[in-house]
């Protein structure tokens, strides 16, 4: 029988991923003229990674006889269609740090489940890489043109 605390920890991670501001912004397709091809490719990869994370977490929760938790919309980025990079990047960076903190918080509770622990480890690696990419994009955007 599965440990219910593992499913609960995975559910918290699932909720954090589903509330991603990156996904919300990608869905709303804001006009951000400073994004070059490389940056747009990075954002597309982040979106694909986060969608994969959601699917993998949902599968892991269901495999452990857990139910998927309800997801409320991320209200942090409700109106992000025509924004300046100086507004948008801090929002993305804060949200990415929130997701990383949620994953790190769940990690100790997954120690008894090697597969769940490995999944969260892989997702954490992706999220940390995303954070580094966003920090690099922000630094480049703040350089004089």
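Quick notes
- Subset tally (residues that are free of Cβ contacts under 8 Å to residues at least 40 places away in the same chain and under 15 Å from residue 101 (Cβ atoms)) for segment 128-137: 2
- Take the conditions (1) modelled with pLDDT of 85 or more; (2) closer than 24 Å to residue 6 by Cα; (3) surrounded by 12 or more Cβ atoms within 10 Å (Cβ to Cβ); residue 108 misses just one of them, which is (3).
- The lone criterion from (1) under 16 Å from residue 15 (Cβ atoms); (2) surrounded by 14 or more Cβ atoms within 10 Å (Cβ to Cβ); (3) modelled with pLDDT under 90 left unmet by residue 72 is number (2).
- Members of segment 92-145 that are assigned to a helix (DSSP H, G or I) and more than 26 Å from residue 26 (Cα to Cα): 105, 106, 107, 108, 109, 110, 114, 115, 116, 117, 118
- Failed condition for residue 42, given (1) within 17 Å of the chain's Cα centre (by Cα); (2) modelled with pLDDT of 80 or more; (3) not in a helix (DSSP H, G or I): (3)
The values are calculated or read from the model by the stated rules, or taken from the named source; none is laboratory data. Keep in mind that what you see is a predicted model, and the values were worked out from it rather than measured. Glycine gets a Cβ as well: all are built from the backbone with ideal geometry, and neighbour counts include every protein chain shown.
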